[in-house]
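The values are calculated or read from the model by the stated rules, or taken from the named source; none is laboratory data. The shown structure was predicted, so the numbers you read here are calculated from the model rather than taken from an experiment. Cβ sites come from the backbone with ideal geometry, for glycine too, and all protein chains shown count toward neighbours. To get the accessible areas, we keep the full protein, side chains included, count just its heavy atoms, and leave off ligands, DNA and RNA. Shrake-Rupley method; radii C 1.70, N 1.55, O 1.52, S 1.80 Å.
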Amino acid sequence: VKVLSEKNKVYGITVKDKKGNLENIYSETVIAAWGGVGNLFGSSTYPMDIKGNTLSIAKKAGADLIDVEFLEYEPMVVAYPPGAVGEPCPTAMLGEGAHLLNSKGERFLLKVRPQGEAGSPKTLLNKQIWKEVNLGNGTEHGGVYVDLRHIDREILKAYPWFFNRLMDNGVDLNKQLLEVSPMAHSFSGGIKVDSNYESTVKGLYAIGEACGGIHGACRCAGNAASQAVLSGLLCGEAVVKAIADKTGEKKEFPIEYNMDKEIYNKYVPQLKEIAVKALGIYRDGKILEEAKKTISNMLKNSELNRDTETLQIAESIYFMLKAASERKESRGTHMRLDYPEESKEFEKEITI
């Protein structure tokens, strides 16, 4: 729940067990491997323990953040039934012959891609699904349908993690349409690191999705696992070398962490709603500024200090809003609606 640091040097972490008990664990090396920010946005493809409040934890420890405006949305994620929400429907299914339908039963993607859905870039899928929902042609749970009914069952079974989860939740893909929608999927930003994956705080390292500045504005598809493994390897080598040179200076820190479920339940749903609206697939400068102002005012409320996790969530979303509002052009996973000429060129590129 906290990284212990002082004068740009790390001293350990504060941890909390399931019963709420707090303890300081001291170490001259701390490796952040806490994933991205997906659960700041409600439904996402992330496991529930990846909360996203970690941007605040890193910033409080003195680390620099980078590229936190770049959040990638996976376009075809199960939106219903509840037991399968967050499970990505592989976009490879489009290559197997799947069709995307709006609530009117129209293959809406054919309007901009007459050759069919197969091979469509994810950015185009996100854009067109978003448009259909905003035109009122979305499904009950805020997405569109993917039609897999005509695809050979053996082909569907070749994606067992997807097929089995849907079957376990009462959805037979050969008999019924599946609701999917874009959801937060991967994060290109995080803690700024050097070539050893060490942050600006001595002894604090970040690997995998916890670190930023590695991907640029848009993560290449399929490289998440390899990037996590490689960053871990390079970080591990650097830590081994650094340990040999350390003198082992010791320091005690007070345990500082507040818990108040009422505060969490009062503010966190509001915060996530603001994040979804302002930091969605398309961003608008006015909405970003309004959201930033709203959360800035919330952060001035001393009530938030009664629950540290709520405060961390508010601060983490604020850092993303600030970065997104400062980047005026559309780039990578950050698409601005309020700069029409630049957005027009950008949309032309992604459609091609």
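May I ask you to list the residues in region 258-290 that are in contact with an Asp or Glu (Cβ under 6 Å, 6 or more places away or on another chain) and closer than 23 Å to residue 133 by Cα?
Those that are in contact with an Asp or Glu (Cβ under 6 Å, 6 or more places away or on another chain) and closer than 23 Å to residue 133 by Cα: 284, 285.
Looking at region 44-61, which of the residues that are charged (D, E, K, R) and under 21 Å from residue 269 (Cβ atoms) is least open to solvent (accessible area, probe 1.4 Å)?
In this case the residue turns out to be 51.
Restricting to region 21-43, what's the tally of residues that are at pLDDT below 90 and open to solvent by 20 Å² or more (accessible area, probe 1.4 Å)?
Total meeting the criteria: 2.
Return yes or no: is residue 153 open to solvent by less than 60 Å² (accessible area, probe 1.4 Å) and either of a type in the set (A, V, I, L, M) or more than 26 Å from the chain's Cα centre (by Cα) (or both)?
no
To keep it simple, each residue is scored yes or no on (1) within 19 Å of residue 192 (Cβ to Cβ); (2) free of Cβ contacts under 8 Å to residues at least 24 places away in the same chain.
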{"residue": "4", "(1), (2)": "no, no"}
{"residue": "8", "(1), (2)": "yes, no"}
{"residue": "20", "(1), (2)": "no, no"}
{"residue": "32", "(1), (2)": "yes, no"}
{"residue": "48", "(1), (2)": "no, yes"}
{"residue": "64", "(1), (2)": "yes, no"}
{"residue": "80", "(1), (2)": "no, no"}
{"residue": "99", "(1), (2)": "no, no"}
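Would you pick out the residues in region 121-149 that are without any contact (Cβ under 8 Å) to a residue 60 or more places away in the chain, part of a loop (DSSP other than H, G, I, E, B) and surrounded by 22 or more Cβ atoms within 10 Å (Cβ to Cβ)?
Correct list: 148 only.
Go over the candidates 226, 325, 330 one by one and state the one that is surrounded by 13 or more Cβ atoms within 10 Å (Cβ to Cβ), free of Cβ contacts under 8 Å to residues at least 24 places away in the same chain, closer than 26 Å to residue 183 by Cα and of a type in the set (Gly, Ala, Ser).
Selected residue: 330, the only one of 226, 325, 330 that is surrounded by 13 or more Cβ atoms within 10 Å (Cβ to Cβ), free of Cβ contacts under 8 Å to residues at least 24 places away in the same chain, closer than 26 Å to residue 183 by Cα and of a type in the set (Gly, Ala, Ser).
Within region 207-216, identify whether any single residue is surrounded by 11 or more Cβ atoms within 10 Å (Cβ to Cβ), at negative phi, β-branched (Val, Ile, Thr) and without any contact (Cβ under 8 Å) to a residue 60 or more places away in the chain, and answer yes or no.
Yes, the conditions are met somewhere in region 207-216.
Hey, among 104, 59, which residue is part of a helix (DSSP H, G or I), among the basic types (Lys, Arg) and modelled with pLDDT of 95 or more?
59
Can you report the number of residues in region 191-214 which are assigned to a strand (DSSP E or B), in contact with a Leu (Cβ under 8 Å, 6 or more places away or on another chain) and either closer than 20 Å to residue 99 by Cα or modelled with pLDDT of 95 or more (or both)?
The qualifying residues number 3.
Against the conditions (1) outside any strand (DSSP E or B); (2) out of contact with any Ser or Thr (no Cβ under 8 Å at 6 or more places or on another chain); (3) crowded, with 24+ Cβ neighbours inside 10 Å, where does residue 78 fall short? Just the number, please.
Tallying (1) outside any strand (DSSP E or B); (2) out of contact with any Ser or Thr (no Cβ under 8 Å at 6 or more places or on another chain); (3) crowded, with 24+ Cβ neighbours inside 10 Å, residue 78 fails exactly one: (1).
Can we say residue 49 is of a type in the set (D, E, K, R) and within 30 Å of residue 289 (Cβ to Cβ)?
Spelling it out, it is not the case that residue 49 is of a type in the set (D, E, K, R) and within 30 Å of residue 289 (Cβ to Cβ).
Given the conditions (1) at positive phi; (2) of a type outside the set (A, V, I, L, M); (3) open to solvent by 20 Å² or more (accessible area, probe 1.4 Å), report the number of the one that residue 99 does not fulfil.
Among (1) at positive phi; (2) of a type outside the set (A, V, I, L, M); (3) open to solvent by 20 Å² or more (accessible area, probe 1.4 Å), residue 99 violates only (1).
Inside region 1-20, can you point out the residues that are in contact with a Ser or Thr (Cβ under 9 Å, 6 or more places away or on another chain) and surrounded by 15 or more Cβ atoms within 10 Å (Cβ to Cβ)?
Of everything in region 1-20, those that are in contact with a Ser or Thr (Cβ under 9 Å, 6 or more places away or on another chain) and surrounded by 15 or more Cβ atoms within 10 Å (Cβ to Cβ) turn out to be 1, 2, 3, 4, 10, 11, 12, 13.
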